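S.K.: Questions regarding the structure given below will be posed in turn.
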Amino acid sequence: MISVLAISTLGSVLLAAVAGIPSLWALPALGVLLLGAYLVLLGRITAAAGERRAKVHYLEPRTRARLGRLPASGYALRETASS
């Protein structure tokens with residue numbers, strides 16, 4: 001994706017330079033804006049994925065022995081850290 005944006009931006013710069021039409025310079029400007037926005041979003045997505053890998057830890061699956069420990073009343077209570 002990044003190569004398509006970069007090639008199209010360079011192509012529009014060459015087209016605007018060869019054609020000599022001043023209003024045609026809006027195309028390279030748009031290409032640079034889109035390329036910059038893409039790179040910023042790509043960086044944010046990569047940073048979020050790295051943060052998720054660092055913070056998210058999967059819990060071990062519940063086993064039969066752990067589920068078998070019911071209180072005397074017969075109801076299983078939720079195990080939470082908050083009250």
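The values are calculated or read from the model by the stated rules, or taken from the named source; none is laboratory data. For clarity, every value in this text was computed on a predicted model and none was experimentally measured. When we count neighbours, we look across all protein chains shown, and the Cβ atoms used for this are built from the backbone with ideal geometry, even at glycine.
S.K.: Where in the chain are there helices (runs of 4 or more DSSP H), lying wholly inside it, with at least 1 residues that are exposed (fewer than 11 other Cβ atoms within 10 Å of the Cβ) and either modelled with pLDDT of 80 or more or in contact with an Asp or Glu (Cβ under 6 Å, 6 or more places away or on another chain) (or both)?
M.R.: Result: 2-19, 26-55.
S.K.: Within the set of pairs 6 or more residues apart or between chains, which connect a residue that is touching a residue at least 24 places away in the same chain (Cβ under 8 Å) inside region 35-54 to a residue that is hydroxyl-bearing (S, T, Y) with Cβ atoms less than 7 Å apart?
M.R.: Close Cβ pairs satisfying both conditions: L35/T9.
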